[in-house]
Number of protein chains: 2
Amino acid sequence: MFKHIFNPKTIALIGASNKPKKVGTGIAENLLKSKKDIYLVNPNRRKLFNKKSYSSILDIKEDIDLAIIAIPFKFVNKVAEECKAKKVKAMIVISSGFSEVGNIKEEEALKSLGIPLVGPNCLGILNTKNNLNASFAPYLPKKGNIALVSQSGAIIDSIIDIAKNENYGFSKIVSLGNEAGIDIADFIEYLGEDKDTDVIAIYLEGVKNGRKFFNALSKVSKIKPIIILKSGKSELGKSAVLTHTGSLAGDNKIYSAAFKQAKAIEVKSIEELLDLSKTLSWDKRCKNNVGIITNGGGFGVLATDFLEKENIKTLKPIDLMGDALARKYEQALEDLLKRKNIYCVYVLQGPQIMTEPEKTAKVIVKLKKKYQKPIIVSFIGGDFFKSAIHIIEKNKIPNFREIKRAVNVIKYLIYEK
Amino acid sequence: MFKHIFNPKTIALIGASNKPKKVGTGIAENLLKSKKDIYLVNPNRRKLFNKKSYSSILDIKEDIDLAIIAIPFKFVNKVAEECKAKKVKAMIVISSGFSEVGNIKEEEALKSLGIPLVGPNCLGILNTKNNLNASFAPYLPKKGNIALVSQSGAIIDSIIDIAKNENYGFSKIVSLGNEAGIDIADFIEYLGEDKDTDVIAIYLEGVKNGRKFFNALSKVSKIKPIIILKSGKSELGKSAVLTHTGSLAGDNKIYSAAFKQAKAIEVKSIEELLDLSKTLSWDKRCKNNVGIITNGGGFGVLATDFLEKENIKTLKPIDLMGDALARKYEQALEDLLKRKNIYCVYVLQGPQIMTEPEKTAKVIVKLKKKYQKPIIVSFIGGDFFKSAIHIIEKNKIPNFREIKRAVNVIKYLIYEK
């Protein structure tokens, strides 16, 4: 079933358009960039994008693996029945107006067709491996090993745009919508097996089948890290969830306890979700004892404050002083990485008069390759460190300018405290 | 006394050099970019930067307002006595090696000369108003109304480099060093009166004269906001402070209570220090009740979660839906700004298919001018919002991509909870 969603040979888009800023236009343009056989359906047009436009999916001769429906609510159920008649293998319903606004009967009818179903009320899905953007997200992100599963389409759009200038990438992206058919637990199980995915990042508002979700989390978190941003924690937030996707946010303490028991990692913001996804897409989790190297006393004090507050074991920061050259970083870093009881090193550097950012970056890359322990870096500045950050991140060593942000990542990186 | 530090007519640099990456070279280059009369002192050179190099400050005929000493520790006291004989009006001692490593007698001797003294063991001072960079910080930041006072020189360097690509600016920057002469309380009092400064941002590790500091904070916080990042909170952090500037970090609870009583604002990270300085350099603090507008349900849920956790009063977020044009933002924003019991509006926007970022930015600028209430914006994306962010920030409306970061600022912006 997932084969036909993430790797269909033939796709029909029902509701295709070429009018600017329309959902049916966005999806059509995105689909046509893939190498799939695309069939556009719109009864009011003869041609779209120099291709034949079909009146109905039933007019298409070829078999259709995936039907994408992006038409007004009132026509969806009828068209879905035509998809059934056409024997499509899977269906993504983009259209909204279903259970999230109280139209439960119509959503049940969609589900009862028995076709594997994504949505309704969703953005679609993306697979970078085969350049398939079956959504109205503006463009495919960079290829990578992070899968993103989200109950908010807007957050997917934002993350894709944020990630454009970052050094990490995605395997597959799923907008869940109302989950009338395939639900979050099904996607987690699938992504657990997916060899292109090493980290699963989730934006969650609430789940309908708690037990199934918990079982999927528990099973898959043994194979690869699952990182969850759960929203709808406040009273007002919960009521906002209800009108957003029609799901119940539920008791947050129960969710947090369940995540913990299932060994999923709960983060607190979109930034943390991305920071940790980046880090875990490049590095494995580690035990608790972190070395610190800095060229600024103040940085060391701040780092120690934050780490101690998170119950992370550290040695007193090694302050190389303001005039530290790359060579001094190399000696201190190698000394720490060599030690059996140091599992991770946090390297900080500010732009001082003698500082050698690129050389330091190269030293870090070299020693990372030699010792294979997680190294987290804070180059604390702007343009001064641009090229140094590029050097380390291209070599899968994460940089966070803000010390607190780096410590947040280290906090999650450590699997026992 | 401060006149001779921040606006001297004549400056002597003792320890001037032209060798690359030397402190004496950095300061000389920085000073020569100002329009002041600069005298370079180095007994081993006849000329430096095509200027006469003096053997001693005593060889200079003209009166010297400010002497800057950047020579090895063992020569400092002798040279400082020459400065006394020369009747310099003020002195900045860059050199380290004093009380921070136990040489207390030598520091006392410096102090006992009775010349207004910044340092020792500091980076120097900067005044953007007259383009004076009397420090070895690499360059002057943009002009603005934020004063930065720091017990870490490295943090000053980092902040200048970070701020380079930002839209806020600085009036004066002070590296305190060991505070043998002029101390943090003196600078706070001075900056309280300084008409170029509207916000005072402080990085603090510990103070020597608690009562004087508290009195200065209490007095000046009535005139303009004082934002403090206090480090050295953890046990290890405290011991790191001791070796950094030789000061005692002290009991953190006492500091926090004192800040609160003195109505200074305590923040938790460098990022927060800058985020809030930016915001308060553009806007006044306000009462507690925040309106929320979004084009993504998920954003609204997250915003509400964070705001409620910080005890900030909000209405249920107004979800304009994914297809919201700028016109819709305009109506909703004006409706909220009009209301007497709404004191601040938080506007969120993600990059959706119909989204009009620049138009929305212009609408926000227009309504900000009309209603004069604080508006905080989260354009949640990357390049999609680049120009929109430029439009609002050039008009002094702050943007924070991460919702949690924006809420942190709103938390501090509200003066009663």
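The values are calculated or read from the model by the stated rules, or taken from the named source; none is laboratory data. What you see is a predicted model; the values in this text were computed from it and never measured. Heads up, the Cβs are rebuilt from the backbone with ideal geometry, glycines too, and the neighbour counts pull from every protein chain shown.
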- Query: Mind checking whether some residue in region B:149-166 is closer than 25 Å to B:Val199 by Cβ and away from chain A (no Cβ under 14 Å)?
  - Reply: no
- Selection count where residues are touching a Gly at 6+ places or on another chain (Cβ under 9 Å) and free of Cβ contacts under 8 Å to residues at least 24 places away in the same chain, scope region A:317-349: 1
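Which is of a type in the set (Phe, Trp, Tyr) and more than 23 Å from B:Leu176 (Cα to Cα), of B:Phe73, B:Phe49, B:Phe98?
Exactly one of B:Phe73, B:Phe49, B:Phe98 is of a type in the set (Phe, Trp, Tyr) and more than 23 Å from B:Leu176 (Cα to Cα), namely B:Phe49.
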- Item | Subset of region B:366-401 [surrounded by fewer than 20 Cβ atoms within 10 Å (Cβ to Cβ), within 14 Å of another protein chain (Cβ to nearest Cβ) and either part of a loop (DSSP other than H, G, I, E, B) or polar (S, T, N, Q) (or both)] | B:Gly382, B:Ser387, B:Arg401
- Query: Which residues, taken from region A:271-289, are surrounded by fewer than 24 Cβ atoms within 10 Å (Cβ to Cβ) and β-branched (Val, Ile, Thr)?
  - Reply: none
- Restricting attention to region A:334-365, and to residues there that are in a helix (DSSP H, G or I) and touching a Leu at 6+ places or on another chain (Cβ under 9 Å), which single residue is nearest to the other protein chains (Cβ to nearest Cβ)? A:Lys359
- Message: Can you tell me which residue is surrounded by the most Cβ atoms within 10 Å (Cβ to Cβ) among those in region B:176-189 that are within 14 Å of chain A (Cβ to nearest Cβ) and over 12 Å from B:Ile202 (Cβ atoms)?
- Response: B:Gly177
- Tell me, yes or no, whether region B:229-241 has at least one residue that is in a strand (DSSP E or B), aliphatic (A, V, I, L, M), within 19 Å of B:Ile173 (Cβ to Cβ) and modelled with pLDDT of 95 or more. yes
- Search result, residues across region B:102-126 that are buried (at least 22 other Cβ atoms within 10 Å of the Cβ), within 19 Å of B:Glu189 (Cα to Cα) and not hydrophobic (A, V, I, L, M, F, W, C): B:Gly119, B:Gly124
- Task: For region A:20-45, name all the residues that are within 14 Å of chain B (Cβ to nearest Cβ), touching a Ser or Thr at 6+ places or on another chain (Cβ under 6 Å) and surrounded by fewer than 23 Cβ atoms within 10 Å (Cβ to Cβ).
- Result: A:Thr25
- Would you call B:Leu229 within 30 Å of A:Lys386 (Cβ to Cβ) and touching a Phe, Trp or Tyr at 6+ places or on another chain (Cβ under 9 Å)? yes
- Filter result for the condition that a residue is of a type in the set (Asp, Glu), more than 25 Å from A:Asp275 (Cα to Cα) and modelled with pLDDT under 95, over B:Glu416, B:Glu358, B:Glu330: B:Glu416
- Task: Evaluate region B:43-51: report whether one residue or more is in a strand (DSSP E or B), of a type in the set (D, E, K, R), at pLDDT 95 or above and farther than 26 Å from B:Tyr190 by Cβ.
- Result: yes
- Message: List pairs: first residue in region A:90-116 and at pLDDT below 95, second residue among the polar types (S, T, N, Q) and surrounded by fewer than 17 Cβ atoms within 10 Å (Cβ to Cβ) anywhere in the structure, Cβ distance under 9 angstrom, at least six positions apart or on different chains.
- Response: A:Glu100/A:Thr243; A:Val101/A:Thr243
- Per-region count, region B:294-325, residues assigned to a helix (DSSP H, G or I) and surrounded by fewer than 20 Cβ atoms within 10 Å (Cβ to Cβ): 2
- Task: Can you tell me which residue among A:Lys61, A:Lys21 is out of contact with any helix residue (DSSP H, G or I) (no Cβ under 8 Å at 6 or more places or on another chain), assigned to a loop (DSSP other than H, G, I, E, B) and closer than 19 Å to A:Leu140 by Cα?
- Result: A:Lys21
- Task: Please work out if B:Glu29 is under 29 Å from B:Asp194 (Cβ atoms), without any contact (Cβ under 8 Å) to a residue 60 or more places away in the chain and assigned to a loop (DSSP other than H, G, I, E, B).
- Result: no
- Query: If A:Lys253 satisfies every condition in (1) within 11 Å of chain B (Cβ to nearest Cβ); (2) of a type in the set (D, E, K, R); (3) in a helix (DSSP H, G or I) but one, which is the exception?
  - Reply: (1)
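What number of residues within region A:351-387 satisfy the criterion of being without any contact (Cβ under 8 Å) to a residue 60 or more places away in the chain, touching a strand residue (DSSP E or B) at 6+ places or on another chain (Cβ under 7 Å) and over 17 Å from B:Ile160 (Cβ atoms)? Before the answer, list the steps.
Step one: filter region A:351-387 for residues without any contact (Cβ under 8 Å) to a residue 60 or more places away in the chain, giving A:351-354, A:356-372, A:375, A:377, A:379, A:381-387.
Those left that are additionally touching a strand residue (DSSP E or B) at 6+ places or on another chain (Cβ under 7 Å): A:357, A:360, A:364, A:368, A:375, A:377, A:379, A:385.
Going one step further and asking which of them are over 17 Å from B:Ile160 (Cβ atoms), we end up with A:360, A:364, A:368, A:375, A:377.
Within region A:351-387, residues that are without any contact (Cβ under 8 Å) to a residue 60 or more places away in the chain, touching a strand residue (DSSP E or B) at 6+ places or on another chain (Cβ under 7 Å) and over 17 Å from B:Ile160 (Cβ atoms) number 5.
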- Query: Taking region B:296-333, which residues are more than 14 Å from chain A (Cβ to nearest Cβ) and in contact with a helix residue (DSSP H, G or I) (Cβ under 6 Å, 6 or more places away or on another chain)?
  - Reply: B:Tyr329, B:Glu330, B:Leu333
- Residues in region A:190-208 that are within 14 Å of A:Ile223 (Cβ to Cβ) and within 14 Å of chain B (Cβ to nearest Cβ): how many? 0
- Task: Tell me which of these A:Val76 doesn't satisfy, since it passes every other one: (1) in contact with a Lys or Arg (Cβ under 7 Å, 6 or more places away or on another chain); (2) surrounded by 24 or more Cβ atoms within 10 Å (Cβ to Cβ).
- Result: (1)
